[in-house]
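Contents: one structure, followed by commentary.
The values are calculated or read from the model by the stated rules, or taken from the named source; none is laboratory data. Just so you know, these numbers come straight off a predicted model, no measurement behind them. Glycine gets a Cβ as well: all are built from the backbone with ideal geometry, and neighbour counts include every protein chain shown.
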C-alpha cells in the first residue's frame, strides 16, 4: 500500500506570494556552444556578432557574446516553476535590460522580488508583479526586468482585497554607460548590412520578407532547452482537453523569431539594449508561419560617439505577409487575429563613422 | 554491369555468437557540450549538477559531469550494430552501473562478451546474453551492464539446442567505494529541492505532475545522436509495412524522459548509481505523452556519512496521468496497456547534514 | 503614416551580376561542438574520424576535424542570400574540393566571382555561374567550388543576349599534395570497417541497407543552422500556394544523408577529397525516407603510399530500397521518379598496409 508523497512541487498560488518576498530561482545554468548552435538552428539568426568569433574580436570582445534573447530565455526559464507554473496568462513585461554581456562558459542564475499583488474581484485569481534580476557567476547583472502574471488562487472563497500595483516606465531608461566595447569599425561585408544609425528615420517601416514555419519539435526542443517547464507547451495529452486543443507555443519563441527575421534591414543593430514592453497578442501553434515587420519609433543619440540607439516596434504575424496589413490593430483598437507579438525594444547600432 | 558488393555489414545472427566471444564495438565517441545541450533539449532535464558548472564545482567536480543516462545512450548506441541490429526484441537489462563520471572531452568506447546463448525451440531465433563494459580514453570503466536480446537465426532448419543462461543479481551490488566527491553542502536554492535521504520512506509514491509529448523529430534526432542505428527507429517507409505501421521509439528515450520527469520530487537525487532492471512494457510512438510516477523501494545506508542510496521504481505511462492508476500491472499480472517502462534503479542522494 | 523602407535585401537578379564581379559573402561563421553534435543528430553519421578525438589523434590530427559535408553546408549557406535567393533552380556543381581541414573554433567565410552568364531566350531568367572560395580565419582555403543557378530577371522586356558559359572539368583534379596526415595505422575495431583501397573494384555496387526518414523539424533545423535562408525551405505558408504545396527540402540535406548512409560499406573512406558533380534529380519533402547505393567508378592511385582514392557515385532514393532498382535512369535516359540525388565524388581511403 503506497503512501502518496507530499514532496511534489506544484508551484506557487496567489496566496503564496507576499509583497517584498524574495525568491531565489533554482537551477543556475552554464551556457555552452551547444546552446548557441541550437539557437541558430531554432531561429536561423544571422547577426554576425553572435556567429563569428572573428567579428566579435574586431568589435573588442574576447569571443562571441551570447545572443541577448537566448540569454533571456535561458535565465527566464528558471523563474517559471516559482512564478508562473500556475499562470493563467503572462500579462506583460517592462523595463527589460541587458546590463552586461554573457559568454559561453558563464553560469547564469536569477532571483525575483514580489513588487505588486492585485487580487481579482472574482476571488479566483490575482496578478503577481515581480522584479527579476539575473546574474553571472561573478554576480554581475546580465538581465533585469519586471513582469506580471495572472495566477490561480487556492482559496476562491476568502478575499484579501489586496491591490498594490506598481508603476512602470514606458521605456527602459538609457544609461550614460553602455557596456559595449567602443566600436572602431564595422565590416559591412561581414555584417551583411550597409545601413547605420544615421540612415534610419522615425516612422520608417521595414517589411521583412522572410517567413518561417514552426513545427512541434522545433518549439518544444527550444522550450525544453530553456528548462522552462510550463505544462501548456509540452503536454499535448492535457492540452487536447482544453479549448486550445493542442500545445501552445512559448511566447519567447516568437520573440526570437521576430528578432531573427528583423535581421533583413537591421543587420547592424546587433545589440538589444532593452525591451520596453512586450505583448503576446494571440496564441501560436505548430504549423504557423511567422512573419514580422518593424517600425522605427525613436532615434536616441547617446553621449558615446560611435553608437546610437533605435527604439523599434516589431510586430510578428502568423500566416500573413506584413505587406498585407497596415496596422497591428483594427479600427476597434484590438489586435488583428494574425498579430502574435507587439514588441517595443531598443537596439544599439553603430554610427556611419564606424563603417569599413 | 555492376557487381553486388559483399562489404555490407548486415549485423550478427544467432549463429554468429559463441560463448566467451569478445566484441570490440567500433566508433569511440567524444562527448561534447553539443551533446549535453541536445540532451537538455530532448528531455528538459533540470538536475542542477548537470546544468551548472558552479554547482558541480561546489560538489567537488572540476566541471559538470555528463548525465548518467546520456552517457549510457552514447556508449550503448555503439553496441547496436554488433549485438541487436537483427534483434526481434530487447528483452532486458541487469546490473547496470556507472563506476566513474564522464566529462565533456572524454571519449567513450565499449566492448562486450557473450555470456549466454539460448536457442528458441522453434529454431527461428535465440537469445543472446552479453556483458558490456564502457571505458573512457584512459581505460577507466564508466559503464558496466548485462543485457539480453532475441535475435534471428540465419538457418531455421538446424537446431544446436544450445541453452546456457546466466544468472543475474536482482540488484546491482553497492560497493564500499562510490566515486562521488565527498558532499560538503547542497545548496537547495540551486538544486530546487529541499528533501534529503532521511526524508524519504519506503513505500512512498511520487506522482510526478509533468507530461511531455514526444514527436518524430525529437526521438529520431536523439537516437541518431546516439549513433544507434537500429532500423525500426528511423525507417518509416519500412515500418509502414509492419504491424506497428510507423517508427518505433527507442526505449532509451523513455528512460531519459522518466528520469527527467522524476526531477520533481527527487531533485537532490542527482546521481544514478545503478539500474537494477528495466522493462519496456509497451511500445511508444510519436505523439505519445509520457508521464511517470516513482516508488521508493528501499533505503540503503552507506558507510559514507554524507550520502545514502534510494532504490527507486519509476513507472512511465503514455497518455495517462499517474494519478489515475494504482498499479502498473492489472489483476492478471500483466502490465496495463499504457505502462511503457518499469525501471528499477538506485540513486545517490545526500543526507540532511549537507543541506545549505 | 509609415514610410516603407528601402533597406530590405531582396537578393540579386540576373541583371545584378556581371562577368568578373567579386562578391564577399557576409556572415563569417565560427564552427563549434554544437554544430558537430547537431550534424550527428541530423544524419546519424558514424565515421569515426569525426566522432572521436582519440581516433583523430591516432591519424595525426590535434582533434576531430569537421565533417567535410557539414563544413560545406556552413560555408555554402552564406552565399545563398547573394547568389541564389531568387533562384528558380540550383542547376549544378562542379570541381568541389576541400583543400584543408577545419576544426571547431575555426571561422569560415566565403567569396564568389562571377565566371559566366547566360540569358535565357524567353527573357525572364538567366543562368549565373560562380566560382566560390571558402577560407578559414587564417585565409587558408577550405572549400573551392563552382556552381550555376537559374535566377529571375527583373526586366523581362529587354534582352542583353549575354551568353558566356564557362567549361568545367568532368572531375576535380587530384593534386600531388593532399593535406591529410600520413596514415600510419587504421584501427578497424574503431572505424567499424575492414576494407581498404585494394579491396574495392571498379563496377562494384554497394546497396546500403539503412533508410532514414526525414521530418519537417529535422530538415528546417539543419538548414537554419547553416544560415541558408532560401525561402522555399522554411515558409510553408508561401509554399502552400505553389505547385509543390509544401516546404522543399534543401538539397544539401540529401547529400548529407547519402554520405552518412554510405558508411555501411565505406567505413574507412573517411575523407571526401572532392565532389565532381551533383544533381538533385527530384525534390524531397518531409516524410520521405532516404536510401542510397554506391558504385565504385574509378580507383585512383596516388604518389603517397598510405592512401588511394575512390571515385564513387552515390545515388540517393526516396521511399525505395536500392535493391529494387538497377539504374538511376530509365530507358528514356531520364532519372526515375524516386531518384533524388546523383552524386559523383572522390574519397580518400587508406591502403591495406595501414590496417591495425
Restricting the stretch C:59-83 to residues that are more than 17 Å from the chain's Cα centre (by Cα) and touching a residue at least 60 places away in the same chain (Cβ under 8 Å), the residue that is farthest from the other protein chains (Cβ to nearest Cβ): C:60
I'd like to know if the stretch A:84-100 contains one or more residues that are within 14 Å of another protein chain (Cβ to nearest Cβ), surrounded by fewer than 23 Cβ atoms within 10 Å (Cβ to Cβ) and at pLDDT below 95. yes
Selection count where residues are in contact with a helix residue (DSSP H, G or I) (Cβ under 6 Å, 6 or more places away or on another chain) and farther than 30 Å from residue A:220 by Cβ, scope the stretch C:182-238: 10
Failed condition for residue B:175, given (1) under 30 Å from residue B:58 (Cα atoms); (2) in contact with a helix residue (DSSP H, G or I) (Cβ under 9 Å, 6 or more places away or on another chain), with all others met? (2)
Quick check on this structure: which one of B:154, B:113 is surrounded by fewer than 19 Cβ atoms within 10 Å (Cβ to Cβ), closer than 20 Å to residue B:21 by Cα and at pLDDT below 95? B:154
Meets criteria (buried (at least 24 other Cβ atoms within 10 Å of the Cβ), without any contact (Cβ under 8 Å) to a residue 24 or more places away in the chain and at the interface with another protein chain (Cβ under 9 Å from one of its Cβ atoms)) for residue C:34: yes
Residues of the stretch C:8-40 being farther than 17 Å from residue A:190 by Cα and touching a helix residue (DSSP H, G or I) at 6+ places or on another chain (Cβ under 7 Å), in sequence order, are C:12, C:32, C:33, C:34, C:35, C:36, C:37, C:38, C:39, C:40
I'd like to check something: does the stretch C:58-77 contain any residue that is surrounded by fewer than 19 Cβ atoms within 10 Å (Cβ to Cβ) and closer than 18 Å to residue C:134 by Cβ? no
When restricted to A:97, A:109, the only residue touching a residue at least 60 places away in the same chain (Cβ under 8 Å), closer than 25 Å to residue B:45 by Cβ and under 18 Å from the mean Cα position of the chain (by Cα) is A:109
If residue C:202 meets every condition in (1) over 24 Å from the mean Cα position of the chain (by Cα); (2) in a loop (DSSP other than H, G, I, E, B); (3) within 14 Å of chain B (Cβ to nearest Cβ) apart from one, which number is that one? (1)
In the stretch A:261-300, how many are under 14 Å from the mean Cα position of the chain (by Cα) and over 19 Å from residue A:338 (Cβ atoms)? 7
Take the stretch A:27-84 and flag every residue that is closer than 22 Å to residue A:220 by Cβ, outside any helix (DSSP H, G or I) and out of contact with any strand residue (DSSP E or B) (no Cβ under 8 Å at 6 or more places or on another chain). A:32, A:45, A:67
Are any residues in the stretch A:183-199 more than 7 Å from every other protein chain (Cβ to nearest Cβ) and closer than 18 Å to residue C:10 by Cα, and if so, which ones? A:188, A:193, A:194
The condition from (1) closer than 24 Å to residue A:142 by Cα; (2) in contact with a strand residue (DSSP E or B) (Cβ under 8 Å, 6 or more places away or on another chain); (3) surrounded by fewer than 17 Cβ atoms within 10 Å (Cβ to Cβ); (4) more than 8 Å from every other protein chain (Cβ to nearest Cβ) that residue A:18 misses is numbered (1)
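Condition check: crowded, with 24+ Cβ neighbours inside 10 Å and touching a helix residue (DSSP H, G or I) at 6+ places or on another chain (Cβ under 7 Å). Does residue B:49 satisfy that?
When the stated conditions are applied, residue B:49 does not pass them.
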Residues that are in contact with a strand residue (DSSP E or B) (Cβ under 8 Å, 6 or more places away or on another chain) and within 21 Å of residue A:286 (Cα to Cα), drawn from the stretch C:203-223: C:213, C:214, C:216, C:220
